[in-house]
1. With assigned by TED's automatic domain parsing to the domain that holds C:Gly291 and either in contact with a strand residue (DSSP E or B) (Cβ under 9 Å, 6 or more places away or on another chain) or in a loop (DSSP other than H, G, I, E, B) (or both) as the only criterion, which of C:Leu149, C:Leu142 stands out?
2. Restricting to segment D:316-344, and then to whatever is free of Cβ contacts under 8 Å to residues at least 24 places away in the same chain and surrounded by fewer than 16 Cβ atoms within 10 Å (Cβ to Cβ), can you tell me which residue is farthest from D:Ala119 (Cα to Cα)?
3. So, in segment C:186-210, exactly how many residues are of a type in the set (D, E, K, R) and within 15 Å of the chain's Cα centre (by Cα)?
4. Please verify whether A:Thr163 is among the β-branched types (Val, Ile, Thr), over 14 Å from A:Phe319 (Cα atoms) and within 18 Å of the chain's Cα centre (by Cα), treating the condition exactly as stated.
5. Counting only residues that are at the interface with chain C (Cβ under 8 Å from one of its Cβ atoms) and in contact (Cβ under 8 Å) with a residue 12 or more places away in the chain, which one in segment D:133-169 is nearest to D:Leu206 (Cα to Cα)?
6. Can you pull out the residues in segment D:291-310 that are over 21 Å from the mean Cα position of the chain (by Cα) and either under 28 Å from A:Gly278 (Cβ atoms) or of a type in the set (Lys, Arg) (or both)?
7. Check whether at least one residue in segment C:187-199 is touching a residue at least 40 places away in the same chain (Cβ under 8 Å) and either outside the structural domain of C:His116 (by TED's automatic domain parsing) or not polar (S, T, N, Q) (or both), and report yes or no.
8. Would you point out the residue of segment B:111-128, among those that are outside any helix (DSSP H, G or I) and touching a strand residue (DSSP E or B) at 6+ places or on another chain (Cβ under 6 Å), that is nearest to B:Arg186 (Cα to Cα)?
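The values are calculated or read from the model by the stated rules, or taken from the named source; none is laboratory data. Just so it is clear, the model here is predicted, and its values are computed rather than measured. Neighbour counts run over all protein chains shown; Cβ positions are idealised from the backbone, glycine included.
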4 protein chains.
Amino acid sequence: MIVVFRPGAEESRIQDVIERLNEYGFDVHRSSGVNQTVVGAIGVKPEFDPRHIRVMEGVAEVYRVTEQYKFASRSWKKENTVIDVGGVRIGNEELVVMAGPCSVEDERQIEDTAAHVSACGAAFLRGGAFKPRTSPYSFQGLGEEGLKLLRAAADRHGLKTVTEVMEVGQVELVARYADVLQIGARNMQNFPLLKEVGKLRKPVFLKRGPSATTDEWLMSAEYVLSEGNPHVMLCERGIRTFETYTRNTLDLSAVPVIKKRSHLPIIVDPSHGTGIRGKVIPMARAAVAAGADGIMVEVHPNPDMAKSDGPQSLYFEQFVDLMAQIRLIAQAIGRVIRDAPALA
Amino acid sequence: MIVVFRPGAEESRIQDVIERLNEYGFDVHRSSGVNQTVVGAIGVKPEFDPRHIRVMEGVAEVYRVTEQYKFASRSWKKENTVIDVGGVRIGNEELVVMAGPCSVEDERQIEDTAAHVSACGAAFLRGGAFKPRTSPYSFQGLGEEGLKLLRAAADRHGLKTVTEVMEVGQVELVARYADVLQIGARNMQNFPLLKEVGKLRKPVFLKRGPSATTDEWLMSAEYVLSEGNPHVMLCERGIRTFETYTRNTLDLSAVPVIKKRSHLPIIVDPSHGTGIRGKVIPMARAAVAAGADGIMVEVHPNPDMAKSDGPQSLYFEQFVDLMAQIRLIAQAIGRVIRDAPALA
Amino acid sequence: MIVVFRPGAEESRIQDVIERLNEYGFDVHRSSGVNQTVVGAIGVKPEFDPRHIRVMEGVAEVYRVTEQYKFASRSWKKENTVIDVGGVRIGNEELVVMAGPCSVEDERQIEDTAAHVSACGAAFLRGGAFKPRTSPYSFQGLGEEGLKLLRAAADRHGLKTVTEVMEVGQVELVARYADVLQIGARNMQNFPLLKEVGKLRKPVFLKRGPSATTDEWLMSAEYVLSEGNPHVMLCERGIRTFETYTRNTLDLSAVPVIKKRSHLPIIVDPSHGTGIRGKVIPMARAAVAAGADGIMVEVHPNPDMAKSDGPQSLYFEQFVDLMAQIRLIAQAIGRVIRDAPALA
Amino acid sequence: MIVVFRPGAEESRIQDVIERLNEYGFDVHRSSGVNQTVVGAIGVKPEFDPRHIRVMEGVAEVYRVTEQYKFASRSWKKENTVIDVGGVRIGNEELVVMAGPCSVEDERQIEDTAAHVSACGAAFLRGGAFKPRTSPYSFQGLGEEGLKLLRAAADRHGLKTVTEVMEVGQVELVARYADVLQIGARNMQNFPLLKEVGKLRKPVFLKRGPSATTDEWLMSAEYVLSEGNPHVMLCERGIRTFETYTRNTLDLSAVPVIKKRSHLPIIVDPSHGTGIRGKVIPMARAAVAAGADGIMVEVHPNPDMAKSDGPQSLYFEQFVDLMAQIRLIAQAIGRVIRDAPALA
């Protein structure tokens, strides 16, 4: 932590601050220029709130020097984390595609989707059984029945599954059926839930909250990691800004930013990131070009009749196009997407 | 819902849309001008996602006409909701002050605070026992022990209590001790939790999420109301914007906006809204002047040693000042604050 | 400037940075802890871009220590600046009200408005002659004719005037007629214009840009001040956020923030800040309660027929109410508003 | 325009609104359902402010139906605009690269840069002679001398030039030397300047303001187009959001959004969009993948010593890499970048 004093701050004020820092256990270094004094307080105190010092007399500004997270940081672990989900590896040169409907609606819907996305080269089937909806009057998901349908369809087509868990009480149930547990954007700071999935050893798919900085996002990852579960992948899905033409503003610069600050894999979800079907393909291409480790997209056999998020779900033929396009982009930057049996 | 077609849209496209709207059960009215056609679809279908129509050929734009919430709206209930908490009434001419530390830390701390805020005219004692913290390494609260200490201190000084509940599994426990259950900003869209407190008949204190529109906030209130619990009060506590000098940007215009759109009481929290002690008093005055039904402020006997949020907590003498100042402002706009025995 | 190195940064990297800082003329102080080194670079180099150091090898973070502005800062001038506009003093205990239509439309409109606002206790008449409009098809103002009408109406009723200047080429003309020159929000970073009004000795009314931090706002004030014109007042008029129910989000915490960081007076404009007539009065009250030195509000004899911003302009009788209400609030915090002859 | 009435609004209120709409010259269509009435007002009145109706009694909401811009819209002109700058065509299958330093500093700097970027396949040389700087103490550009140096260097290497014009008084001068006139982000709503460049027939490069919606951006383009200059290209360069780790948040979804709403070409500037050198290459790749018509990047022979924006400027060898990478991405999506003589 760095404490900057106002120009001409009285010596007694400076001494008060130094004393306080010593009380907190910091190792203090002082630099005094002609007009201004700066004090460095060295020591890792994650509990310490720098505003304590900021409000003291004579202090102009205080800067936290160390990152607040440890296990999530690139400085703690230099090499990329690669997560192995039953043979599918996330975070190395393979670009992983996760696709499926917003919600699991019935057996036919999820079976058709699984067959299609598998044939195109997706590695994961996505689909919600517990749905967080802004309105209490919207479709809330099929619950355990949805989990079963998702599992069965994925197994028939050699796919892994990822699905959302919304609260502590659902963790055990969802973990019984799913390969990867998704923490939704609105739950990114649901700390009891983060701790609970931290106790598992199943991979966690942590979506960025709509108003979360990359710092806060990595702190949420730290909740999971610090409980002992090292298998965390991050997912950028758009942030809330003043621009409302798109549902959210997809922050693709988060890809290189996370790659620099952390060793965890990062996936991009252009479906929620834009909220408009026609923008999904260009933004999926852009995500791959930016260096994402994978993409998650919504696909539905009949988007016009989908019970949720239909307008941002791709038609089957659009998914074929998307896979063809991102396959070329992936090659251009030295990554591969698994073969598409149907198109081979 | 209003559907606007592109200028010169083909008749067959318009017919497709009308047919689709009929399928969904809407009552359809068409207006065709020289260049442009507009179709009104009347009917309340809260489950319907207007983007279904927006993506159809020939459609330029779609507007949702009816508010998505019902019980939370001023059109459903014209008169202000007044919530009675053991004789303290929130939402009428009395301006209610809720004060106390961020976290309950020990008996002495909460006892001293209760004595002081009660003597100054506060009606509620606040204090967290379960704390949502950005970092897993920060103080997480005393749990049930904190609830007991809060209850006892409040009872000794004739105060009501408000404290946060973080997850479904804690609701029964917190409700046993507290008069009002707080849903924190990060949990504003924790839908299982909203449903759970909706099953109670205890008042709920619903903080606005840092990136929630007033629409989304009222939709979250609707979750509680639609479960049968009518005792919901809202709390503005700052939104996330590009300005980072203050911790959040306190959106005081939310006070008149909510007053127009809803019948629910609205409280303002200038402590979280600014994050800086020196800004709390002016913003508390502003909140009262804007027409808030109450304010919630953090007060601590020794803010410099507080385990959380010390830098935004008021010193005892500052709280005396704050009460004196808002008392005058309240009078100026025809509201009253309860007597302050200590200052009488 | 503070340079924080990564834990374990190589000594040669640290030496490279120190050498570079010396080249730039900084006075360098080094503090090395067990794991981490921090270097303080003392010296005021407003031209220096700290990102030069941030991108060097081994560097974790760089913080600018000194404020980039000088003349605008509270540390440069401790006492409040009071601006005298022909006897009306802005920035002391008097709360100044500036009122009038968005645009000057014709003689009758501005005369009626001047008579009314003067009778209620306003000190300034506002009104645009050159209007910055989002659309090229909207009313662009009366130009010089508008300036003349504004001046004459103000003079007949003992009012001072404030009106916008949009470009360098208009400065001489507008300064001939107006008492205070307004720089609009969209021109807050029109640097040639800021320099031009900096050469005058007439007061400048500098609106905050819709996405400007308080730092950037004060830097724009610095452009005017550094040219030699010390008469700058600031105006908060709402910032752009994700919330679109109100036109902008009025950031009232800017009032105490500016008061702490600068000696310049600060006015609040709740008309543009909310964009909705019904929210203007509560937010004007809140602005006064927060400690603003004045408010600027739009008033029109016939808002329904106004050529611009009618929907956020007050009716005459609403302005009477507003003045009565803020008069009480002003008293409550120890400020005064000039007498209202009509209501005396 | 669509006017939605509150459920149960009185007939007399509805008649008042209809009458008012008729007065404004709208063609009115009414639809009444069981609970609610909706009125459509057809007619293009770009001057009309819908808030006039929104504030009337009984009205719940008002929606503008027609886009406020005409010449900028895709519905006015279906085919893409292709701008020819002395043989370089922007907006067709060729992907155009504009590169160069933030500021022109001296002959050697701009000559070296021109030689290098030309050899790598750039078509345009960029470089500022008039610089808008947040601080009055920062380097403000070489002025006319800079324009001459830019022109000469470009001519020696077969490049076109793009450079910023900051105010009306500079337009004639800048137009004498430059091929394309840039309107900077802070001037996106400098309406006198937009009108002035609208009178030319030289191409205009219009950067998006940091808090401008795509609607406002297209309205600013409309200012230029409506004056008679059809040669406008747009440039996305990042918007201001709560995320401060990057200087701005590059909104790449603006690319497909603009492509749908307008016929004008769109360029992306990842240098300002991220503000960090290490993020420029991935975001440039992403911009190309998203479908941009070109990219603008900052390149400097010695970024560490640059007088402005050095930390976001690429080293020469990085620009070689960037060109190689985006060349592959461009091919993958069916676009071409001109040959690079040096690398042939």
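1. Criteria check complete, one pass: C:Leu142.
2. In this case the residue turns out to be D:Gln331.
3. Result for segment C:186-210: 3.
4. Judged against the criteria, A:Thr163 is a match.
5. Only one residue tops the list, namely D:Met166.
6. D:Lys307
7. Looking for residues that are touching a residue at least 40 places away in the same chain (Cβ under 8 Å) and either outside the structural domain of C:His116 (by TED's automatic domain parsing) or not polar (S, T, N, Q) (or both), one finds none in segment C:187-199, hence no.
8. My answer is B:Gly128.
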